[in-house]
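**Student:** Before we start, here is the structure in question, set down as structure tokens.
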Number of protein chains: 2
Amino acid sequence: MLVKRILWGWIACGLLMVCGGLATAQTIDPLPSWNDCEAKRSIIAFTEQVVKSGSSSFVPPAERIAVFDNDGTLWAEQPMYFQLLFAIDRVKTLAPNHPEWRDKEPFASLLKGDMQGALAGGEHALLEIMVTTHAGMTTAEFESIVKDWISTARHPTTKRLYTDMVYQPMLELLDYLRANEFKTYIVSGGGIEFMRTWSEQVYGIPPEQVIGSSIKVKFELRDKVPVLIRQPEIDFFDDKEGKPVAIHQQIGRRPIAAFGNSDGDLQMLQWTTSGQGVRFALYVQHTDAEREWAYDRNSWIGRLDKGLDEAKAKGWTVVDMKKDWNTIFSKQ
Amino acid sequence: MLVKRILWGWIACGLLMVCGGLATAQTIDPLPSWNDCEAKRSIIAFTEQVVKSGSSSFVPPAERIAVFDNDGTLWAEQPMYFQLLFAIDRVKTLAPNHPEWRDKEPFASLLKGDMQGALAGGEHALLEIMVTTHAGMTTAEFESIVKDWISTARHPTTKRLYTDMVYQPMLELLDYLRANEFKTYIVSGGGIEFMRTWSEQVYGIPPEQVIGSSIKVKFELRDKVPVLIRQPEIDFFDDKEGKPVAIHQQIGRRPIAAFGNSDGDLQMLQWTTSGQGVRFALYVQHTDAEREWAYDRNSWIGRLDKGLDEAKAKGWTVVDMKKDWNTIFSKQ
């Protein structure tokens, strides 16, 4: 009797598991923050094509590389790149030790809150702000500075933590691709070390899968202890033509899917889609002035102009943020 | 009766599996090409320490990064780096299209088989050979050239394929670490693209886990098709102080184990072992003139001098190839 009961228990349990499994597959939407739109359908269709073993479109897991721009694609980038806001906060923190900045541009304007004046010096002014705030310390010291900032600083208009301004639909997309054995990478114009301090926690993307712009670092022994010192010199600028170059140097395989939001991502999308076999390219277009920001062809940040034309000509997926996403940020 | 039989079958099967598992753990040696020596015991002790959950020495899998030099550590490097032998073969292949090389150094000497003469021009001569043979084509073309060479070219004295001159004990070590959820990386002075064409097949190390020296590449559209063109300019030299820098840029985490064979690896071993927690560093010392080569403090290739002193002072593991390895090459 006992034996029979155990057996029935096992059989019932097995049946439950099978039915439960079927029910799950039918009802759980992997991308709930995406409205039932063409963009969502194109993502799912592409993914199902490459994972279908035995089909001509099948791609082995090792080659399922997906690359994501960061600013404007995974998190917001207005009113200016968040890393620039970090640099500005940093200038303010360091100012008491630099009385000479009161009369020296770009610092003088910046400390008065006049960003236009601070950036009037163009690229040179920007570079000076970045180098002053990003170099001259060990890599460990820089990591600790960024960690402090990212866990406390607030966005100037939304007053949220910056890491709460990542896009919920993109988090779901990252998870969905990883559940389908994709390896997800960031390929951003932003600083590689800036992003690596929080990318694993926020996006589930480990440091070795973060590619970005970098400054030179130098190995030194300090009291016999090895340290890496951040130098005031640009090493690599990971934007436009730099993105395929960095992908090649750091991954060594061509991605099969690429996600961006600006003309700075165009070469990455071109490089990705010109490989053999099934490929996927997606642009996020910022169309939601109410819940986020609306900008594209004429923006000084994240301009999407040539890329939009090429996306239309080539049939790449374009996300209309306002229509296609029912949720924008990861924390409401 | 039937029910009883099934139940007994299951119980017996379960017992067999448990006992089978125990027997396996006790009898299968993960490093059979390593004699029962201090080196082998130190590797196993370190690995068991970091995987033991709940212990103070436990390291989460994501942080189990192990870095390996290539030339002289994973495969042989005598009478000169194999990539230099590739370059020489390539000069010979290209010579019919370059009649001017008959009177131009370093090509003239090289084509006569006079290596000493060819390298008399020092670093400049070497650079000219490398740039002539490694640049001026697309990355896809270079990959195809290397693949052809590596699958057919033979070592000048052993007459073996170069990929048959990888060290069997190190292949076992790579497998053993990966079985313990380590991520294994190559960090080599050799060319990153040269190694990536065969590292996955030979070592089980995918392209994205290969770090090496590089030349610059440039993104171009050729008839609207994007290509990456290899430029005649060094981008990064991944040796000595360069190794910790490259590890930092490409992995973004400090390894917990490092393996090398020369002074060129010293900074990588210093960087690895100066992190917090349990760390491991190992030098392969070439002591077997009969089965391989014997060289260390005075060799022009793979010199191990300062590194050997520091290994002794710091208690790093040193492999005596002759005593510690019962098999040298992967194919006998």
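**Student:** Under the rule of -39500 (n - 2.57) per DSSP H run of 4 or more residues, summed and divided by the residues of chain B, what mean residue ellipticity at 222 nm is obtained, to the nearest 500 deg cm²/dmol?
**Tutor:** Values: 14 runs with 139 residues, N = 332.
That calculation yields -12500 deg cm²/dmol at 222 nm.
**Student:** From the residues B:Gly277, B:Gly302, B:Ala289, which one has its Cα farthest along the dipole of segment B:253-306 in the positive direction, the dipole being from +1 and -1 charges on Cβ of Lys/Arg and Asp/Glu about the Cα centre?
**Tutor:** Looking along the dipole axis, the top candidate is B:Gly277.
**Student:** Let me confirm one metric for peptide B:245-255, namely the mean number of other chain beta-carbon atoms within 10 Å of its residues' beta-carbons.
**Tutor:** Working: counts 7, 1, 1, 9, 12, 7, 5, 15, 5, 4, 0.
Taking all residues of B:245-255 together, the mean is 6.
**Student:** In Å, what is the Rg of the alpha-carbon atoms in segment B:22-117, and how long is Dmax?
**Tutor:** Radius of gyration, then largest Cα-Cα span, for segment B:22-117: 23.9, 69 Å.
**Student:** Can you figure out the FRET efficiency of B:Glu100 with B:Lys218, using R₀ = 22 Å and their beta-carbon distance, to the nearest 0.05? Before the final figure, lay out each step's value.
**Tutor:** On the way: r = 26 Å, r/R0 = 1.18.
Given R0 = 22 Å and the Cβ-Cβ separation, E is 0.25.
**Student:** Taking the label point as lying 7 angstrom from Cα along the Cα-to-Cβ axis, what are the distances from A:Ser53 to the corresponding position in the remaining copies, in ascending order and in nanometres?
**Tutor:** In ascending order, 2.7 nm.
**Student:** What is the dipole size for the protein assembly as shown, taken about its Cα centre, with +1 at each Lys and Arg Cβ and -1 at each Asp and Glu Cβ, in debye to the nearest 20?
**Tutor:** Working: 74 positive and 86 negative charges, 378 e Å.
My answer is approximately 1820 debye.
**Student:** Let me ask something else about it. Take peptide A:219-232, look around each residue's Cβ out to 10 angstrom, count Cβ atoms belonging to other protein chains, and average those counts. Before the final figure, lay out the partial values.
**Tutor:** On the way: counts 11, 1, 4, 0, 0, 2, 2, 12, 3, 8, 0, 0, 0, 0.
Going residue by residue through A:219-232 and averaging, the value is 3.
**Student:** log₁₀ I(q)/I(0) of chain B at q = 0.07, 0.14 Å⁻¹, via Debye over equal Cα point scatterers, no solvent, to two decimals?
**Tutor:** Normalising to I(0) and taking log10 leaves -0.35, -1.15.
**Student:** Which values of log₁₀ I(q)/I(0), to two decimal places, follow from the Debye formula for the protein assembly as shown at q = 0.06, 0.07, 0.10 Å⁻¹ with a uniform point scatterer at every Cα?
**Tutor:** Debye curve over Cα of the protein assembly as shown, log10 I(q)/I(0) at q = 0.06, 0.07, 0.10 Å⁻¹: -0.41, -0.56, -1.08.
**Student:** Skipping prolines and chain starts, which residues have an amide H placed within reach, meaning under 5 Å, of the one on A:Asp71, given they are 5 or more residues away or on another chain?
**Tutor:** When sequence neighbours closer than 5 places are left aside, the close amide H contacts are A:Gly189, A:Gly190.
**Student:** Can you pick out the pairs among B:Lys40/B:Lys183; A:Lys224/B:Lys240; A:Lys216/A:Lys240; A:Lys243/A:Lys314; A:Lys240/B:Lys240; A:Lys104/A:Lys147 whose Cα atoms lie more than 25 Å from each other?
**Tutor:** Values: B:Lys40/B:Lys183 20 Å; A:Lys224/B:Lys240 16 Å; A:Lys216/A:Lys240 20 Å; A:Lys243/A:Lys314 20 Å; A:Lys240/B:Lys240 32 Å; A:Lys104/A:Lys147 29 Å.
Too far apart for the 25 Å limit: A:Lys240/B:Lys240; A:Lys104/A:Lys147.
**Student:** Residues in segment A:144-179, backbone N under 20 Å from the label point at A:Leu126 (7 Å along the Cα-to-beta-carbon vector): list them, ranges by number please.
**Tutor:** Inside the label zone: A:156.
**Student:** In degrees from 0 to 90, rounded to the nearest 10, what is the angle of the helix A:122-134 Cα long axis to the longest principal axis of chain A?
**Tutor:** 80 degrees
**Student:** A:Asp89 label point, 7 Å along Cα→Cβ, cut-off 13 Å on backbone N: hits in segment A:154-185?
**Tutor:** Residues A:154-165 qualify, since their backbone N sits under 13 Å from the label point.
**Student:** Just to confirm the filter: which trypsin sites (Lys or Arg not before Pro) across segment A:268-332 are DSSP coil and have at most 16 other Cβ within 10 angstrom of their Cβ?
**Tutor:** Working: sites: A:Arg279, A:Arg291, A:Arg297, A:Arg303, A:Lys306, A:Lys312, A:Lys314, A:Lys322, A:Lys323, A:Lys331; in loops: A:Arg279, A:Arg291, A:Arg297, A:Arg303, A:Lys331.
Within segment A:268-332, the qualifying trypsin sites (Lys or Arg not before Pro) (loop, at most 16 other Cβ atoms within 10 Å) are A:Arg291, A:Arg297, A:Lys331.
Where a number appears in this text, it was derived from the coordinates with a stated rule and is not lab data. This one's a predicted model, so the numbers in the text were calculated from it and none came from an experiment. Note that each Cβ is placed from the backbone with ideal geometry, even for glycine, and that neighbours are counted across all protein chains shown.
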